[in-house]
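The structure appears below as structure tokens.
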Amino acid sequence: MQKAEYGRAPRRKTPGYGKGPYDRPRVVAAKRRPLPHGPSILRERRGITRAGPFTVQGQSASDLEDRVYRTLRRLGWTDAEIDFQFPIFGGFQPGGQVLDFVLTAFGRLTIVAVNGDYWHNRTLQQRERDRADRAAVEKAFPGRPYTFLSLSSGDLVDDEMAYRRLRAGVGRGG
């Protein structure tokens, strides 16, 4: 038994060697059991070469938004023609909306909505909210011709799929 010293905190053991719930030894990756179905097919197909955090035009972005931005640049769109996180009706304020990408070229607007499965396609309420948001875009640009392109996670699995989908939807930049 240790002798108590007054005025000093007791010496603490390093984490990982005690008996408490937070002091369990860490699991080393080599000791983990492999998954029964092998590596994730989606992760393997994505060919993730870049890890987050992602930024587009100095603002934080998701991996899907980053993929769309890189593909638009590859298609010849310039930063002057691409507006990322374009606010309408007050932006992030209540009642507002933020459009993922607004492309302006040849006097026409093209709105690209990047809809990941987690925030947009899991429930019926999320899909209904997306439909209402799209209807609100009509009010934001009255009398101005525009094209609305909605991209889901399935359209953006890898760079080549994103390239084909965006080339068909928005074409080459001006």
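Whenever a residue of the range 128-157 is under 21 Å from residue 118 (Cβ atoms) and aliphatic (A, V, I, L, M), its partners that are part of a helix (DSSP H, G or I) and at pLDDT 85 or above, lying with C-beta atoms within less than 6 angstrom and at least six residues away or across chains, give the pairs 149/169; 156/64; 156/67; 156/162. Among the residues of this structure, residue 110 does not count as one that is out of contact with any strand residue (DSSP E or B) (no Cβ under 6 Å at 6 or more places or on another chain), among the β-branched types (Val, Ile, Thr) and either closer than 21 Å to residue 131 by Cα or modelled with pLDDT of 90 or more (or both). Hey, any hits in the range 129-136 for a residue that's outside any helix (DSSP H, G or I), loosely packed, with under 14 Cβ neighbours inside 10 Å and either among the acidic types (Asp, Glu) or modelled with pLDDT under 90 (or both)? Scanning the range 129-136, I find no residue that is outside any helix (DSSP H, G or I), loosely packed, with under 14 Cβ neighbours inside 10 Å and either among the acidic types (Asp, Glu) or modelled with pLDDT under 90 (or both), so the answer is no. Selection of the range 158-170 for residues being in contact (Cβ under 8 Å) with a residue 24 or more places away in the chain and either surrounded by fewer than 16 Cβ atoms within 10 Å (Cβ to Cβ) or in a helix (DSSP H, G or I) (or both) yields 158, 159, 162, 163, 166, 167, 169.
Within the range 71-90, can one find any residue that is of a type in the set (Val, Ile, Thr) and in a loop (DSSP other than H, G, I, E, B)? Yes, some residue in the range 71-90 is of a type in the set (Val, Ile, Thr) and in a loop (DSSP other than H, G, I, E, B). Taking the listed residues 164, 122, the one that is of a type in the set (D, E, K, R), farther than 16 Å from residue 69 by Cβ and at pLDDT below 90 is 122, with no other qualifying. If you go through the range 92-127 and keep only what is charged (D, E, K, R), in contact (Cβ under 8 Å) with a residue 12 or more places away in the chain and either surrounded by fewer than 16 Cβ atoms within 10 Å (Cβ to Cβ) or not in a strand (DSSP E or B) (or both), you end up with 108, 117.
For the range 84-110, which residues satisfy the criterion of being within 17 Å of the chain's Cα centre (by Cα) and under 14 Å from residue 137 (Cβ atoms)? Within the range 84-110, 86, 97, 98, 99, 100, 101, 102 qualify.
The values are calculated or read from the model by the stated rules, or taken from the named source; none is laboratory data. In this text, all values refer to a predicted model and were calculated from it rather than measured experimentally. Cβ sites come from the backbone with ideal geometry, for glycine too, and all protein chains shown count toward neighbours.
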